[in-house]
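Step one of this worksheet: look at the structure below.
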Amino acid sequence: MISDQLPDPRLFSKTKRPQSGNGVVRATISTPYFYPRHETPYLFVGNYEGTGHYLLNDRTITVTSDYYYLLNAGDELEITFRNPNGLHSLLIMLDKQLIERCIQLEHSTPEQLLEGTPIQCITDRPIPAVPQLYDPMIRQLLSRIQVKGSGDPLEREGFFFELAQYLHQKANRSANELQLIPAVRWQTREELYRRVLLGKLYMNDNWHHCLLLDDIAKAACLDKYYFLKIFRSLYATTPHQYLNNIRLEKAVALLKNGSYSIGDICQMVGFESLGSFSQLFKRKYGVAPSFYFKSK
């Protein structure tokens, strides 16, 4: 099922069970919208454009075009779009049996699957209530909704399975990362994870500027040294190293373009010293920028 309309709040019923089956809602919202608190199925909550505001299990969250949330079956969600201004919302409902099947396949051995005796006991961690960054694989999967529309039954079934499997794998990686955060309460870990991600997004968006740790930590609403500590716990690197990697990747793209000098590229990607840029580039890619540039 693919719909271009969000659920009608006038038809809301507190006794209504969460919808079963797989489905997609992709809607453009230009007027205020409110849908009362309700129990969800497994649910992908995202936006193609704009920022949406939600209440997830008594906690206020925002969803932008940079990241999405994946909800557990049984989570409670309230939707409020006060000034949507053409917000493009995307909700994808995933059938509980499909998610359980993905978990079952992940935990069963090839021999069990070949013999038709996969594990029967489904035990898995709840999906953490944290934002998940879009990556090329997710965007490629979602593009199939836009390009192929409803598609034929075989295409739809394949799409929902691939999406459910990948989303679950990403959620499991996030759950593993949360275990690395030194906090007792799980909700504290989720909040720290969310804030560190805001700092990461700030670096992704402002890599071409001269950034200080104070700037990044402010975006994350954390003390700068605490941000540094949690960031290193999660990603086994420092914000400075992460930022340099982004800049070096941007430099490669500009070198491939062939329209700029190495000195220009050094400045464009945010390095102040051509010497440090060349040294870091060679350490990462094994060749100097000049050699890489000449080979194009």
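The values are calculated or read from the model by the stated rules, or taken from the named source; none is laboratory data. On a predicted model such as this, the values are computed, not experimentally measured, just so you know. With ideal geometry, Cβ positions are generated from the backbone for all residues, glycine too; neighbour counts draw on all protein chains shown.
Numerical summary
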quantity	calculated
Single unsatisfied condition, Y242 versus (1) in contact with a Leu (Cβ under 8 Å, 6 or more places away or on another chain); (2) among the hydroxyl-bearing types (S, T, Y); (3) touching a residue at least 40 places away in the same chain (Cβ under 8 Å)	(1)
Where a residue in segment 31-50 is more than 10 Å from E78 (Cβ to Cβ) and part of a strand (DSSP E or B) and its partner, wherever it lies, is of a type in the set (K, R) and at pLDDT below 95, with Cβ under 7 Å and at least six apart	Y42/K96
Scope segment 83-105; condition surrounded by fewer than 19 Cβ atoms within 10 Å (Cβ to Cβ) and closer than 20 Å to D66 by Cα; matching residues	N83, N85, G86, H88
Yes/no for Y134 being surrounded by 11 or more Cβ atoms within 10 Å (Cβ to Cβ), touching a residue at least 40 places away in the same chain (Cβ under 8 Å) and hydroxyl-bearing (S, T, Y)	yes
